[in-house]
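The next block holds one structure in the form of C-alpha cells; read it before the comments.
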Amino acid sequence: MIRPEGTRPRGTAAAIGRSLRLYRGAGAPRAAMDALYRRFVRPDDLVFDIGAHVGDRVAAFRRLGARVVALEPQPGPMRALRLLHGRDPGVVLMAAAAGDRCGDVVLHLNRANPTVSTASPGFIAEAAGAPGWEGQVWDDRITVPATTLDRLVAEHGRPAFVKIDVEGFEDRVLAGLTQPLPALSFEFTTIARAVALRCLDRLAGLGPYGFDVALGESQSLRFGRPVGRDAMADYLTGLPPEANSGDVYAVAA
C-alpha cells in the first residue's frame with residue numbers, strides 16, 4: 001500500500017483522513033478488489049491481514065464472507081479500525097506487528113504518511129534519495145508488541161489466505177512462518193527488491209508455490225496463471241523503478 005508521492009497533510013489525524021478517502025472513499029476499487037480476492041477467499045474462510053492500515057482489505061474480506069484477524073501496530077490507524085470494525089464479531093483486531101519472533105519491535109513512524117511507517121531501518125535507508133520518495137520523513141518511533149504467523153495460526157487456526165503489507169518487513173514476517181499455507185500475498189517495492197527475493201526464497205523453502213503479481217493498486221494479476229519462483233524473481237528484478245510497488249500472490253501447488 002505504497003503511495004509516497006504527492007502532497008501530504010500535516011499531522012497524524014489529517015493523514016489518516018487522507019488514507020480513509022483514498023482507500024475507503026467513493027473512488028476506492030471495491031469491485032475489482034473483491035474480484036481479485038475471490039480467487040483466494042471463500043465464505044467462512046479465515047484470513048489474516050498483516051498491516052491492515054485503515055482496513056480496506058478487511059472490508060473486502062468481510063464482503064466475501066470471510067472471518068478476519070487484522071494486525072495494525074500504529075495507534076492512529078488502529079483507532080480507525082476500531083471505529084469501522086470494532087463491533088463486527090467476524091473481525092479480531094490486534095494492536096500488534098508481526099515478525100520473526102514474539103516480543104517487541106521498534107516501529108518507525110512517518111506521521112505525515114502513515115502508509116509507509118515501517119519496522120525496517122533498511123527500508124528507510126533505501127528510500128533516502130530514491131525517485132518518488134523525496135520528502136519522506138520518519139519522524140518518530142514507538143515500541144510495539146510483535147507476534148508471528150506461527151503463533152497466530154496456533155491461536156486462531158490455519159488461514160486460507162494471508163495478506164502481508166508491512167513496508168520492507170515482509171521477509172521478517174515470513175521468517176515467522178514454518179508451515180505452508182494455502183495462499184498469501186506480500187507487498188514488494190522496487191527500492192527494496194532484495195526483500196521480495198527473500199520472501200520468494202522463504203516460500204519456496206516451505207513448499208511448492210506458484211506465483212502471480214499485481215502492480216500498484218491495479219487489483220489485476222499480471223500473468224493470470226501461476227509461475228515459478230525463478231520467473232517471478234526475474235520479473236521483479238526487471239521492473240523499472242517507477243513501477244514502485246505491488247503485491248506478489250503465492251498459491252500452494
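The values are calculated or read from the model by the stated rules, or taken from the named source; none is laboratory data. Source: prediction; values computed, not measured. Counting neighbours? That spans all protein chains shown, and the Cβs are built from the backbone with ideal geometry, glycine included. When the accessible area is computed, the model is the full protein with side chains, heavy atoms only, and any ligands, DNA or RNA have been set aside. Shrake-Rupley method; radii C 1.70, N 1.55, O 1.52, S 1.80 Å.
For a quick check of your reading of the model, give me the residue pairs whose first member lies in segment 64-81 and is of a type in the set (Lys, Arg), whose second is outside any strand (DSSP E or B), with beta-carbon atoms closer than 6 Å and at least 6 apart or on different chains.
Arg67/Gly90
Which of (1) open to solvent by 20 Å² or more (accessible area, probe 1.4 Å); (2) in contact with a strand residue (DSSP E or B) (Cβ under 6 Å, 6 or more places away or on another chain); (3) outside any loop (DSSP other than H, G, I, E, B); (4) not basic (Lys, Arg) does Pro180 not meet, given it meets every other one?
That leaves (3) as the condition not met.
Which one of these is at pLDDT 95 or above, of a type in the set (Asp, Glu) and part of a helix (DSSP H, G or I): Asp247, Asp171?
Just a single option satisfies the conditions, and that option is Asp171.
Filter segment 87-121 down to the residues that are of a type outside the set (D, E, K, R), in contact (Cβ under 8 Å) with a residue 60 or more places away in the chain and farther than 16 Å from Asp165 by Cα, then identify the one that is most open to solvent (accessible area, probe 1.4 Å).
The qualifying residue most open to solvent (accessible area, probe 1.4 Å) is Val92.
Inside segment 122-143, can you point out the residues that are open to solvent by less than 20 Å² (accessible area, probe 1.4 Å) and of a type in the set (Lys, Arg)?
Within segment 122-143, none qualify.
Are any residues in segment 195-215 under 17 Å from the mean Cα position of the chain (by Cα) and either among the hydrophobic types (A, V, I, L, M, F, W, C) or open to solvent by 30 Å² or more (accessible area, probe 1.4 Å) (or both), and if so, which ones?
The answer is Val195, Ala196, Leu197, Arg198, Cys199, Leu200, Arg202, Leu203, Phe211, Val213, Ala214, Leu215.
Can you list residue pairs whose Cβ atoms sit under 6 Å apart, with the first residue in segment 216-244 being outside any helix (DSSP H, G or I) and the second being charged (D, E, K, R)? Count only pairs 6 or more apart in sequence or on different chains.
Matching pairs, first to second residue: Leu221/Asp212; Phe223/Asp212.
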